[in-house]
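Trainee: Just dropping this structure here.
The values are calculated or read from the model by the stated rules, or taken from the named source; none is laboratory data. Since this is a predicted model, take the numbers as computed values, not measurements. Methodologically, a virtual Cβ is constructed for each residue, glycine included, from the backbone with ideal geometry; neighbour enumeration extends over all protein chains shown.
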């Protein structure tokens, strides 16, 4: 009984209240300085805050027990405290079992997953489906073991960071390394205060655009003379995100011609899966017209290859993909793709013809022949072009104002290494995990950083082990499609007075379809989930998109019930005289 009196005492309650006030002051200050996600992760969504709320619940519970046996005038007090306990229990239940995430939909697009806070490590080997392991933030130096299914080896998670920057190094390889030309140089100008280094690499696995760079309005380009005996080939590749390649087909001129004339209804089975490609169309001169439709426009576009196709499974689930060869990171938004139901990554590889490689001036092009001879050509927007032989460590005029370039290093068999460093300012970069592989029978293992959306590979005795970090997501029991988004501005401004979305919800399990308009104050409720209109995107190159917050609150019934009970208790405590101390003659 002494313990119950101590936990339910007024002194303990005062300590908790003062602590809560100080906590709110600190968390609000931190939220202003570092943003809401930081405050949520550090304070409101932490385990120690759950413990703090549990102590508040325990204080109120024990305070109620100290009044036992209850008298008539305790009625309002007890009901009020029961209401508070139910509200706190509902809040804790939501914290532990609740679901919340974001979904962005472009008009016409549909998805059935939401993106949540947190990250997942996808592990793939031997052609098996990737295994997913949730990765928690880890700052200490004690490694955590991550076992591998059907593999005697295991992974060790050493630490994580949310502010990692990937840097690269270039070195000359050995005679056994393949040909891979690269150049390091610097631009200098006293007039504009320019002093910047750059590198151009023929082939960089981490960067498909490594042979080109832009500094201000100038384009810098590396061109290599192709081997006539081994010309580059066009290919379409389909892979599992963060996993193995499922499908690769060489796009011969005959195939491209067949797909270019009209939408081809031929069906291509994707090996090692139950997926099928159909309705394929190739556009060598892709252009988005005024109706936001993708068309082939050779009269306007000289070279911009793109491919469109649909992919479906035996259950009839279907999605559409559009992929541009020159803009691999464009994410197919011009093509109005559907949600990525099958978690696929698509790549279209089309060699750039010589006639399409000439950039707009001003430019500086470095060329290397099959014999390894380096030359340069520069062109300004006003003067004639300049050409010459590349000389190391010799400042050369670029022909633009007083700008000069100095080539400091040339590579013929460039080997690219990557190094991961933490952003010194602690604000930029991306999330990553430092992981090592321990193979059976070895004391030490390979160690490397795995960055978000940048897969890494460990070479093992059983073959390559592929690791990929992705954001944590959750599959919903329904699919949501955005039909139309609308925004209404205040008169004379671009500030929105309201915005809303017409959506269609498909429940695959219940076989039901719901069409509704979701606005800022009118969410859509279905299957225990609540869908809120939280934001929007309007971009001429992307189109209109809605951002939805989708949440499931299992404690909401407790919270509403507790609030009603709390309100009832307050009424009884202060306004019903027979149940108050003032209305009772036997006050203890």
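Trainee: Please find, among 395, 464, the residue that is more than 35 Å from the chain's Cα centre (by Cα) and in contact (Cβ under 8 Å) with a residue 60 or more places away in the chain.
Mentor: 395
Trainee: Grab the strands (runs of 3 or more DSSP E) fully contained in the range 443-558, keeping just those with 1 or more residues being within 22 Å of residue 341 (Cα to Cα).
Mentor: 463-489, 496-507, 512-519, 524-526, 529-539, 543-552
Trainee: Got a sec? Which of 99, 120, 87, 106 is under 24 Å from residue 548 (Cβ atoms), buried (at least 20 other Cβ atoms within 10 Å of the Cβ) and touching a residue at least 12 places away in the same chain (Cβ under 8 Å)? Show your work before the answer.
Mentor: Values: 99 fails: buried (at least 20 other Cβ atoms within 10 Å of the Cβ); 120 fails: buried (at least 20 other Cβ atoms within 10 Å of the Cβ); 87 fails: under 24 Å from residue 548 (Cβ atoms).
Answer to the check: 106.
Trainee: Considering the range 221-232 alone, what residues qualify as being more than 22 Å from residue 324 (Cβ to Cβ) and touching a strand residue (DSSP E or B) at 6+ places or on another chain (Cβ under 6 Å)?
Mentor: 224
Trainee: Continuing with the same structure: Could you please let me know if residue 493 is more than 23 Å from the chain's Cα centre (by Cα), free of Cβ contacts under 8 Å to residues at least 24 places away in the same chain and loosely packed, with under 12 Cβ neighbours inside 10 Å?
Mentor: Considered against the rule, which asks whether it is more than 23 Å from the chain's Cα centre (by Cα), free of Cβ contacts under 8 Å to residues at least 24 places away in the same chain and loosely packed, with under 12 Cβ neighbours inside 10 Å, residue 493 comes out as yes.
Trainee: Now a separate question. Any chance you could count how many residues in the range 289-321 are on the phi < 0 side of the Ramachandran plot, out of contact with any helix residue (DSSP H, G or I) (no Cβ under 7 Å at 6 or more places or on another chain) and either part of a loop (DSSP other than H, G, I, E, B) or loosely packed, with under 15 Cβ neighbours inside 10 Å (or both)?
Mentor: The qualifying residues number 15.
Trainee: I would also like to ask the following. Check residue 556 against each of (1) crowded, with 16+ Cβ neighbours inside 10 Å; (2) modelled with pLDDT of 90 or more; (3) out of contact with any strand residue (DSSP E or B) (no Cβ under 7 Å at 6 or more places or on another chain) and name the one condition it does not meet.
Mentor: The single condition residue 556 does not satisfy is (2).
Trainee: Which one is farthest from the chain's Cα centre (by Cα), of the residues in the range 222-238 that are buried (at least 18 other Cβ atoms within 10 Å of the Cβ) and either at pLDDT below 85 or part of a strand (DSSP E or B) (or both)?
Mentor: Per the stated criteria, the residue is 223.
Trainee: Moving to a separate point now. Suppose we filter the range 68-79 for residues that are surrounded by 15 or more Cβ atoms within 10 Å (Cβ to Cβ) and free of Cβ contacts under 8 Å to residues at least 60 places away in the same chain; how many remain?
Mentor: 1
Trainee: From 202, 266, grab the single residue that is loosely packed, with under 15 Cβ neighbours inside 10 Å, modelled with pLDDT of 85 or more and either touching a helix residue (DSSP H, G or I) at 6+ places or on another chain (Cβ under 6 Å) or more than 19 Å from residue 324 (Cα to Cα) (or both). Steps first, please.
Mentor: Values: 202 fails: loosely packed, with under 15 Cβ neighbours inside 10 Å.
The match here is 266.
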